[in-house]
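See below for the structure under consideration.
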Amino acid sequence: MTAPDFTLAVHGGAGTIDRKLMTPERDAATRAGLARALDAGGVVLADGGSAVEAVAAAVCALEDEPLFNAGRGAVFTSAGRQEMDAAIMDGRDRACGGVTAICGPRNPVRAALAVMRHSSHVLLAGEGALAFCREHGIPFEDEAYFHTESRWQALQDTLALRREGRAENDADEARRHGTVGAVARDRHGHVAAATSTGGMTAKAPGRVGDTPVFGAGTFADDATCAMSGTGHGEIFVRWCAGHELHARMLYAGQSLAEAAEGVVMEALLPNDGSGGLIAVDAAGNAALPFNCSGMYRGVMRADRIARVAVYREDLAAEHRR
Ligand code: ASP
């Protein structure tokens, strides 16, 4: 008997770098980073591991890659600090855990997983979250580890635009935001989602986006699907993007593809919600819609081939490495 299939999808954020500014080296490094994340989660799923373990492994790989806005390479607040959010959710019973406004744990998603597994709460913030991480042996790094020159420069550019009163019209999605995430359907038919982010460049200190808000940027329920969002977080929260996806499938009978497209194009886009999402349903279908120029994304199934894409036109190339 052949083992039932699995599905893993990852994203490295919507709001991709302008194609004209993308160098071949950076393009290759970005795609390689996505493929590494698919490999990290795919090996867990191929061995019969859980969707929860797989999404945590995939997100750890993305957090370790400084090209993406999460963990190492997180963006800076207006005060020049890094404040990260991460969340994980198990579709079997909607168990979930998240951390917000933290800097220190090397892999914020591991901190979120510890909250899910070892606390009676679902979301811990700031100093309390860090104390919890220390108690549970989560590895820490110093500030220098997380610092990247490109994110620091993005902050300086955004602050300069603000001083000139032009920040409102900042069309550079890559400068403004980014996030990483993974969703999986394991060989046992369960789904899970994990998301991790530095948030939005020059965000106010203490600002919390959609990533650790369950039902907004992260959601999982075996009854429908698992989703991880990326984009303008405030709008994902106001339109409850993750729960909207679930509700469209559960109550309106929409397929995963219809529901995901509906959330991104009908709920988010008309309301200034630029971005996208990745989702898998309990049958193993995947959807990766977005309403902006691109989204770093990839899918892996039981053949273990990493299929990655960046720009909209890449859709045709989605099945190539
Ligand atoms: N959704 C993230 C946030 O608002 C940013 C992003 O995905 O681009 O924190």
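Based on alpha-carbon atoms, the Kirkwood radius and the radius of gyration of the stretch 105-216 give Rg/Rh equal to 1.03. With the cut-off at 1.5 for a/c, could you classify the stretch 73-148 from its C-alpha gyration tensor as rounded, prolate or oblate? Cα axes put the stretch 73-148 in the prolate bin. Our helix-only sum for the chain, with -39,500 (n - 2.57) per DSSP H run of n ≥ 4 divided by its residues, gives a mean residue ellipticity at 222 nm of -10000 deg cm²/dmol. Each Lys or Arg adds one and each Asp or Glu subtracts one; over the other residues with Cβ under 13 Å from the Cβ of Asp93, this totals 0.
As a calculated quantity, the FRET efficiency between Ala283 and Thr23 at R0 = 41 Å, using C-beta atoms, amounts to about 0.55. In the elastic network of the chain, a GNM with C-alpha springs shorter than 10 Å, the most mobile of Ala247, Ala154, Ala79 is Ala79. If you plug the beta carbon distance of His136 and Ala79 into 1/(1 + (r/R0)^6) with R0 = 25 Å, you get a FRET efficiency near 0.35. Go ahead and set up a Gaussian network model of the chain, Cα springs under 10 Å, then flag whichever of Ile102, Ile138, Ile278 fluctuates most. Answer for the Gaussian network model of the chain: Ile138.
Other residues within the sphere of radius under 13 Å centred on the Cβ of Gly181, judged by their own Cβ, net out at -2 (K and R +1, D and E -1).
Straightening the chain between His188 and Arg117 buys 23.6 nm, computed as 0.36 nm per residue apart minus the Cα-Cα spacing.
Ordering 268-274, 145-151 by mean Cβ neighbour count within 10 Å, with the highest value first, yields 268-274, 145-151. Between Ala95 and Val43, full extension at 0.36 nm per residue minus the direct alpha carbon distance yields a gain of 16.4 nm. Equivalent-ellipsoid semi-axes for the chain (Cα gyration tensor, √(5λ), whole Å, largest first): 27, 22, 19.
Could you tell me the calculated FRET efficiency between Ser150 and Glu127, based on Cβ-Cβ distance and R0 = 25 angstrom, to the nearest 0.05? With a Förster radius of 25 Å, E is 0.30.
All of the numbers you see were taken from the coordinates with simple rules; none came from a lab. As the structure is a computational prediction, the values presented were derived from the model and not from experiment. No Cβ is skipped: glycine too gets one built from the backbone with ideal geometry, and neighbour counts run over all protein chains shown.
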